[in-house]
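Only one structure is covered here, and it is reproduced in the block below.
The values are calculated or read from the model by the stated rules, or taken from the named source; none is laboratory data. Since the structure is predicted, the reported quantities are computational estimates derived from the model, not experimental observations. Neighbour counts are summed over all protein chains in view; Cβ atoms, including those assigned to glycine, are modelled from backbone coordinates with ideal geometry. All accessible areas refer to the heavy atoms of the entire protein, side chains included, with ligands and DNA or RNA removed. Shrake-Rupley method; radii C 1.70, N 1.55, O 1.52, S 1.80 Å.
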Amino acid sequence: MSPGLGYFPSEAEPNHIFPNQIVDNAPRGIGQQVAAQIEALEMSTAAPARRTHNDVLRSNTGWFTDAVSWAKRRVASQTLEQQTAHLAGALGRAGISVTREGDVTLISGVTGIIEQQPVYRAVRILPTVAGRDRRPILNDAKFWMGNHPNRKYFRFAVMTCPEPVPVGGDLRGAIQGLSRRITRWASAVGEFGVHVLYRGIEFTRDTAAERGMEDRYDPDTILYHVHANVVYWPTRKMKDEEFQRFLKFTRESVGAWWRDNGKVERLEEVIKYCCKPADTLAAGDDELVWLYHATSKLKLCQPLGLFKEWRAELEKAGEKTVCVNVGRGQGKLLRVKKMHRNQTDDKQADGEATEGEEGTSDDVPEEKPKREDRPEDSAPATNIVLGMTLPQWRHSPWAEPLIIVQHYDPLKLSDEAGGDIREWQRQAREWWDESFAPEPEEALRVARMAMDAAMSSDDIREAAEAAPYIVHTCSSTVRTGQAEHIEADYDDLEDDERDIPDGLAEVVAMFPGGRRVDYIPFESPEREKREAELRESLARKEAWWAECRVSAAACEVERARQAARWAEWCARSAATCRAAA
């Protein structure tokens, strides 16, 4: 073995016998190597973001997902929205308002669908709020843990309180007590070489009869059982004695049942809602009010340790983790620079500050007018564009961004704010066309087919596959059987035929005897010559094809005649043989 090298000299000699027999082992070109290095940097948890918010807007717009799977997810999302509205109404009847005054409207950037969006307060028992709070933590956990070099050692444990809590009991105290004990335990297990990365509180709802506790409670008593999902990382292998001490310390510190569920396979099974929507829907109004007060302003999903520190660095850098379309329908979680109102996209990409960051931009007023100085009878501003969301699969299997507008008023879209909405829609449509997405009408048609589920899954997928190739064109300018419309007095046209703008109609009316020309045909001489040659060629070949058809018919008659003669001869031969026998 070569000293200090770690391999034998023969291993360093090049092999010229069978070079590049395996395609996967062929040396990559410079372009492939650079692409691999860029991908490694983007997937690194320590490297800064290389993409901006606008980059993701452009790449994700028009991103296609399977139409059948989209319909199933859309139905599930609509169910959660309906459940949230039902729970919010139940809390509202009890005098608890869970919505904010915002008057927010979502306008689809491509399809133009307009919908009112209620703004809910941070009430974690509402399904949509729980999903909204869960998504960024889940994305960060997938990115950081999925790209961590020691991810195969991350483990998942469940810690369950020994006693359930009946409705009306101290559920808040049980949640706070278990959370604090896990936090103290996480700080102390460092001596065993263990890092605790995440804690998520959940609780299940069952009757005493379903839990088999009729000896302690009435069978119909509703009991809530609190447990915590914990992700931890043992950085080294513990010996048997040390591992037993670790288990004993954990039981004494947490004061809960401990169960190790092995390696972390799917983070969706770890980072979940605090309660099942079906459980909260089964609760009565009084029980919902009790549950609301028991969970109000509690941190039920809490990153810990190294994962918490990494998320703090991500927030300080003004970044977030987003699923980005990388082509061929595939997406990857990447670090993305957040969009700020006082920053331009170019400055974000270069990491430079703009004047707006320091508050010295000329576009920013030096002093905001005080509310009491404003006219009392002035109407609130309308069509305030708050921003544009990242593309979502909300209305069709093709993702499109949504424009967030406050105090939307369609009657005042001619103002400057209305121009902003139209400009953003124009930009969204440009990104949509760049991704070769279908016409918005076709996208919505495929969405209706998938949601109705009246056709088979294969037919729906075929329709979605063909949608980008369907182009909507206007009707022919010269209608069949109505050639007189080519030149007609404008005043003689019916109202439904006056398809030119009103401004031009007034201009035409200023000229007596003015005529409207719907279409001016224009063909180049070369094209007309070519079409004439094609027509002449077809006329010549038509006679030849007629002869061929006549000849084919004659041949068919001759074959039938010969077949009949052959059958007659065979019959005579058979009769002669029988007579001779």
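What is the residue count in the range 72-110 for residues that are open to solvent by 30 Å² or more (accessible area, probe 1.4 Å), in contact with a helix residue (DSSP H, G or I) (Cβ under 7 Å, 6 or more places away or on another chain) and assigned to a loop (DSSP other than H, G, I, E, B)?
Total meeting the criteria: 1.
Name the residue that is farthest from the chain's Cα centre (by Cα), counting only residues in the range 289-298 that are surrounded by 14 or more Cβ atoms within 10 Å (Cβ to Cβ) and closer than 22 Å to LEU178 by Cβ.
TRP290
Can you find, within the range 264-288, the residue that is farthest from PRO127 (Cα to Cα) among those that are over 28 Å from the mean Cα position of the chain (by Cα) and not hydrophobic (A, V, I, L, M, F, W, C)?
ASP286
Quick check, is VAL270 among the hydrophobic types (A, V, I, L, M, F, W, C), more than 30 Å from PRO401 (Cα to Cα) and open to solvent by less than 60 Å² (accessible area, probe 1.4 Å)?
The answer is no for VAL270.
Name every residue in the range 87-140 that is among the basic types (Lys, Arg) and in contact with a Cys (Cβ under 6 Å, 6 or more places away or on another chain), in order of residue number.
Matches in the range 87-140: ARG124 only.
Scan the range 151-176 residue by residue and report those that are open to solvent by less than 60 Å² (accessible area, probe 1.4 Å), touching a residue at least 24 places away in the same chain (Cβ under 8 Å) and outside any loop (DSSP other than H, G, I, E, B).
Across the range 151-176, the qualifying residues are PHE156, ALA157, VAL158, MET159, THR160, VAL165, PRO166, LEU171, ALA174, ILE175, GLN176.
Got at least one residue in the range 199-208 being among the basic types (Lys, Arg), farther than 19 Å from ALA278 by Cβ and part of a loop (DSSP other than H, G, I, E, B)?
No: zero hits.
Tell me which residues, restricted to the range 120-150, are open to solvent by 30 Å² or more (accessible area, probe 1.4 Å) and in contact with a Lys or Arg (Cβ under 9 Å, 6 or more places away or on another chain).
The answer is TYR120, ARG121, ALA122, ASP133, ARG134, PRO136, ASN139.
In the range 191-228, which residues are closer than 30 Å to GLU309 by Cα and not aliphatic (A, V, I, L, M)?
The answer is GLU191, PHE192, GLY193, HIS195, TYR198, ARG199, GLY200, GLU202, PHE203, HIS227.
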